[in-house]
Amino acid sequence: MKKYISALAVFLLVVLSSLNSYAQNDISISGIWADSNSASFQNCYALFSQDGESVYLVHYLEFNGTGMVEHGFGKRVGNKVEYEVKVTKAIPGWSTSGKHTLYLSPDGNTLRGTYVDAKGNEGPIVFKRVK
């Protein structure tokens with residue numbers, strides 16, 4: 001009897017986990033997001049567009065008054081969003097390419113993760129949904 005109860009408990013956990021993943025898949029990340037990572041950055045906004053698993057990004061930010069623009073393309077699977085970025089207007093000394101790996105919060109209003117650039121620099125990145 002204990003085997004059946006344990007098996008049922010595992011089954012229910014799998015089903016509940018799948019439902020949570022399904023619910024997050026229903027939340028599109030398309031829209032305007034504020035980059036809220038650090039006080040060193042100002043006027044930071046990202047525009048995301050999601051089409052199925054495909055994700056597109058345009059990101060503008062200012063670092064100590066110098067503007068930077070990057071664009072990216074990647075994919076979303078469940079709550080994980082990964083995309084490669086190319087910098088079209090770089091901050092002097094910064095890399096012109098990199099990768100962002102983000103995770104969508106259960107409420108669909110925060111994308112949190114890390115960036116890694118082609119020079120090996122890495123750090124946290126956080127976007128909060130504006131619209």
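Read-outs throughout are calculated quantities, based only on the coordinates presented, and are distinct from any laboratory measurement. Being a predicted model, the structure only gives us computed values, none of them experimental. Methodologically, a virtual Cβ is constructed for each residue, glycine included, from the backbone with ideal geometry; neighbour enumeration extends over all protein chains shown.
Details
- Between T88 and S28, the simple label model (points 7 Å from Cα in the Cβ direction) yields a spacing of 2.2 nm.
- Volume of the convex hull of region 71-131 (Cα atoms only), normalised per residue: 91 Å³.
- ³J(HN,Hα), Karplus 6.51/-1.76/1.60, whole Hz, each residue of region 97-108, x for Gly, Pro: 8, x, 9, 10, 10, 10, 10, 7, 5, x, 7, x
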